[in-house]
Amino acid sequence: MSLLVVGLSHRSAPVSVLERASLDSDTRSKLLQDTLAAEPAAEATVLATCNRIELYADVDKFHAGVAELSTLLAQHSGVGLEELTPYLYVHYEDRAVHHLFSVACGLDSMVVGEGQILGQIKDALARGQEMHTAGRLLNDLFQQALRVGKRAHSETGIDRAGQSLVTFGLEQLAAGADVAGWAEGKRALVIGAGSMSSLAAATLARAGVGEIVIANRTVERAERLVQILTEPGGTGVAARAVPMESVGGELTRADVVVSCTGATGLVLTGAAVESAMAGRTAPLALLDLAMPRDIDAAVHRQAGVRLVDIESLAEASADAPMAADVDRVRGIVADEVAAFGAAQRAAHITPTVVALRTMAADVVAGEMARLEGRLPGLDDKQRAEITQTVRRVVDKLLHAPTVRVKQLASEPGGAGYADALRTLFDLDPETVASVSRADVNEADLKNRGRV
């Protein structure tokens, strides 16, 4: 089996296509189920953010896998395969590992170096584990990607190269002014109470806004976010929660609005914004971080309204400066890809080595049983000594070959050593497969508790 990723992102597709192809939570789950039902895939998980949709799978056939994964992405996104195909990218084996590790470090983000992607990778793995679609390969891969991302942020200054999408968006709204000075004393309306909205509220609070109103379909979630913002030792900002039905009224009083919901339709229509602007002279700044968009793109034509959305952020980020630490992160990614490949290749031969040693133990047991039949007068001490001697001989004969074959298998091109070992010793394929299944089950149980 081999690792394959098929996807599209802000680097390969226009935002209009990404917006149409976005997947809600239920659709992601259905995509995983259908991927596992497809013949080429043994395990799968999906990484979907506001600027990327990627389907990872362990497949047994490359071309069939690409065709099947592309078709499934098209079916579940609602964008026709013929239209979607020009925007899809494909990475296989080490290139797929390199891609995910780069994503985890923020190198492939719209804002280079942003750390939010780590939480999204963690969520993708958790979904795969919960639905039992992520097996040993994807568990290992995504766990390692999280460690690589954390290493990049702790060992380099990649954070200086990038920032959160929220901060970048607010900087674009401030149009070159200092965000703290621009936001000070303003009334802010945050629509949504998820992770991105929570980050937006905290960022606005630190920037010095005078009040934050949190609107959400589930008012309890909005109230929990308000509690976090106003609790002792928190931001100290004045904050309150309102239901979504109150957004229209709050819009008339707000100076800055950040919206990031999971809605499939518009949250703020052009008519709603026009109504809010009627009779007011103060400008209104709107930041739309949702995919698909929450705010009607046409509102930027209205007098006094400034809109920044994912599409305009993508254009602005193309000119963002790169930090020197990016090169160091690329070096970390390259080293980690090599280490991951070596570990996977070494793990691939382990079931064969275990099966070989199991066969050797069975041979020893069989010969000792025959010896007892020929020499029934052996006492327990003599029998134990002979058994131990035979086992030592077998262990010494197998030690050097098995250690060396593990070393060779961990090197590039070493996948064939497992096949050679099985052929030379005429190992039962079912015995090797049973060891592999036991390893997968054990890894699955361990990894479910690590996220």
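The values are calculated or read from the model by the stated rules, or taken from the named source; none is laboratory data. Here the structure is a predicted model, which is why all the values come from computation and not from measurement. Here Cβ is always computed from backbone atoms with ideal geometry, including for glycine, and neighbour counts include all displayed protein chains. SASA here: full protein model, heavy atoms, side chains in, ligands and nucleic acids out. Shrake-Rupley method; radii C 1.70, N 1.55, O 1.52, S 1.80 Å.
Taking 18 Å as the cut-off, the amide N atoms of region 167-189 that come nearer than this to a point 7 Å along the Cα-to-beta-carbon line of residue 240 belong to 185-189.
Expressed as a whole percent, the accessible area of region 88-150 that falls on carbon and sulfur atoms is 48 (1.4 Å probe).
Farthest toward the positive end of the dipole of the chain, out of 154, 49, 18, is the Cα of 154, where the dipole comes from beta carbon charges about the Cα centre. The length gained on full extension between residue 39 and residue 264, counted as 0.36 nm times the residue separation minus their Cα-Cα distance, comes to 77.9 nm.
Net length available on complete extension from residue 408 to residue 67 is 119.4 nm, with 0.36 nm assigned per residue and the Cα-Cα distance removed. With each label modelled as a point 7 angstrom along the Cα→C-beta vector, the residue 29-residue 380 pair spans 5.9 nm. On a per residue basis, the convex hull of the C-alpha atoms belonging to region 131-188 measures out at 141 Å³. Rolling a 1.4 Å probe over the protein heavy atoms gives the chain an accessible area of 47 Å² per residue.
Axis of helix 62-77 versus longest Cα principal axis of the chain: the two differ by about 30°, to the nearest ten degrees. Distance from the Cα centroid of region 341-374 to that of region 220-243 is 61 Å (rounded to whole angstrom). The protection proxy used here, the mean number of other Cβ atoms lying within 10 Å of each residue, ranks peptides 384-397, 220-233, 291-304 as follows, highest first: 291-304, 220-233, 384-397. Taking region 341-359 and a reference point 7 angstrom along Cα→Cβ of residue 390, the backbone N atoms nearer than 20 Å belong to 355-359. Close amide H contacts of residue 307 (hydrogens built in the peptide plane, cut-off under 5 Å, sequence separation of 5 or more or a different chain): 286.
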